[in-house]
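Student: The structure follows.
No lab work stands behind these numbers, since they all come straight from the coordinates. All figures in this text were calculated on a predicted structure; none of them were measured in a lab. Here the Cβ positions follow ideal geometry from the backbone for every residue, glycine too, while neighbour counts run over all protein chains shown.
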Amino acid sequence: MSLQRVAIIGRPNVGKSTLFNRLCGKKLAIVEDIPGVTRDWKQAPAKLFDLRFELVDTAGLEGFESPEIKTQIIDQTARVIDESTVLLFLVDGRDGILSSDHTLAELVRRSQKPVIVLVNKCEKETNAFLEAAALGLGDHEPVGISALQGIGLEDVYPLLKEYLGKSRPSGKEDGDEGEPPLQMALIGRPNAGKSTLINRLFGENRVICGEQPGITRDAIRLDWSYNGRPIKLVDTAGVRKRAKVSDALEQLSVRDTLQAVRFAHVAVLVVDARMALDRQDVLLAQKVIEEGRCLVIAVNKWDLADKVSFDQIKDVLLTSLSEVKGVPVIPISAKTGQNMDKLMAAVFKMYDLWNSRISTGELNRWLEHATTRHPLPLSGAGRIRIKYATQIKTRPPTIALFVSKPQDLPASYLRYLMTSLREDFDLPGIPLRLWVRKGANPYADKAGKKSAPKKGKPS
């Protein structure tokens, strides 16, 4: 069943992201005592007791150095308001009502949407309650809450239920969840064009973007579909060299980006075709492989570069990622839309290969062929033997090898097996795992027991 939308509206630093995290039950938005941390609106399923709804965290309308960014944020906030069932208008009970509260209240008032006014950071009535009531928003008295501690939300519940209960959403029946979404994260250095790529894929200005580096602060998770396939798209903050990451907010942004990589199915590394490849690009790519995620490299701004630049970038990346030969490198232009279809085709191909399962019979025939072609080394009095292979998981494909002397099996031979496995089963660019343990065929004893005659008393 599709969920009705509830939007949190308020000026910067009144606690919108804290309330968002509280109602979503997890830390999805960066919380910092600095105006303007939230720039793009975020959405996630949320609940308040038995109420289920889609919650949106919006940006405040001040604290931004660029008029262009502020204009985009105002447009996005107006759109969120228009598409929401009910608005939670948040004010600060300690600071009281400021001029920016009145400006935002006028935007909300024009929408004629149902509004619940919440006085945050205030567990008892103060003048802020009278000032909030004077805004003239909503049909009810302001409610005092503490988003940080969860105090007062029981008083919000009946008001929210009143609005969400008026019209039931249409959509899929309960229990019919459909195909789970592919988790796709866009990563890269600042100003590589990740947010522009998001907007191109969406076909609208969904996230704030511009020429100024570092506009995206935290990971923005978006529901999307491409050719009928559901996708959870994540736009992340750019990651600079560690030595340049100075302030606490940027450190939180980097942490958020690395977490997005860990939870992604496919990570698209966006690099600028006009710039020499940086060590940071390579480290990000290696991080994706280390986490066992699929990697696709998008060489953006291809329309402004030349083929020599693309070939140089491709050579450096593939040399640096020699352990996963075959990672797709796609030249694109997020601005013009060039090669968007090729990019998404590569994403789906890598995802499908990442979910590959190889039968035990095929694996052991491959193992016999690979060890015959390149015999195992000697160890002490005899040769090391790999007795059995079986796939124990997908995502990434993980193969267990049962070896007579696992401690003596050279890393170089494991690399040979990895390359052979990738080539023979057509898994280019996919991170693989070989799990080596001591032992014989774990199924041999079971098979022997099944075929052995039952013991009985002599006749």
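Student: I need the fraction of alpha carbon pairs in the range 5-164 separated by more than 25 Å, rounded to a whole percent.
Tutor: Value for the range 5-164: 20 percent of Cα pairs lie more than 25 Å apart.
Student: Simple spin-label model, 7 Å along Cα-to-Cβ: ASP139 to THR398 in nm?
Tutor: That separation, rounded to one decimal, is 5.4 nm.
Student: Skipping prolines and chain starts, which residues have an amide H placed within reach, meaning under 5 Å, of the one on GLN338, given they are 5 or more residues away or on another chain?
Tutor: SER333
Student: Considering only DSSP beta bridges where both residues belong to the range 5-164, give the percentage that are antiparallel (nearest 5).
Tutor: 35
Student: What list do you get for SER320, SER84 if you sort them by fewest beta carbons within 10 Å?
Tutor: Final ranking by Cβ density, sparse to dense: SER320, SER84.
Student: Next question, about the same structure. Could you calculate the contour length gain from SER99 to THR372, that is, 0.36 nm times the residue separation minus the distance between their Cα atoms, to one decimal place in nm?
Tutor: My answer for the length gained is 90.4 nm.
Student: Sorted by packing (mean other beta-carbon atoms within 10 Å per residue), highest first, where do 297-306, 41-50, 5-14 land?
Tutor: 5-14, 297-306, 41-50
Student: To continue, here is another question. Output the pairs from LYS113/LYS194; LYS70/LYS161; LYS70/LYS335; LYS27/LYS342 with a Cα-Cα distance over 27 Å in this structure; if there are none, say none.
Tutor: Those over the limit are LYS113/LYS194; LYS70/LYS161; LYS27/LYS342.
Student: Let me ask something else. Express as a percent, rounded to the nearest 5, the fraction of DSSP beta bridges in the range 317-439 (both residues included) that run antiparallel.
Tutor: For the range 317-439, the DSSP antiparallel bridge percentage is about 60.
Student: From largest to smallest, what semi-axes in whole angstrom does the range 360-446 give when each is the square root of 5 times an eigenvalue of its alpha carbon gyration tensor?
Tutor: That gives 20, 16, 12 Å for the three semi-axes.
Student: To continue, here is another question. Calculate the FRET efficiency for LEU434 and LEU283 from the Cβ-Cβ distance with a Förster distance of 22 Å, rounded to the nearest 0.05.
Tutor: The calculated FRET efficiency here is 0.40.
Student: Mind giving me the nanometre distance, one decimal, between the label points for ILE74 and LEU107, set 7 Å out from Cα along Cα→Cβ?
Tutor: Going by the 7 Å Cα→Cβ label model, 0.8 nm.
Student: Modelling each spin label as a point 7 Å along the Cα-to-Cβ direction, I'd like the LYS26/GLU362 distance in nm, to one decimal.
Tutor: 3.2
Student: A further question on this structure: Between ASP426 and ARG383, take the C-beta separation as r, use R0 = 25 Å, and let me know the FRET efficiency to the nearest 0.05.
Tutor: Calculated value: 0.25.
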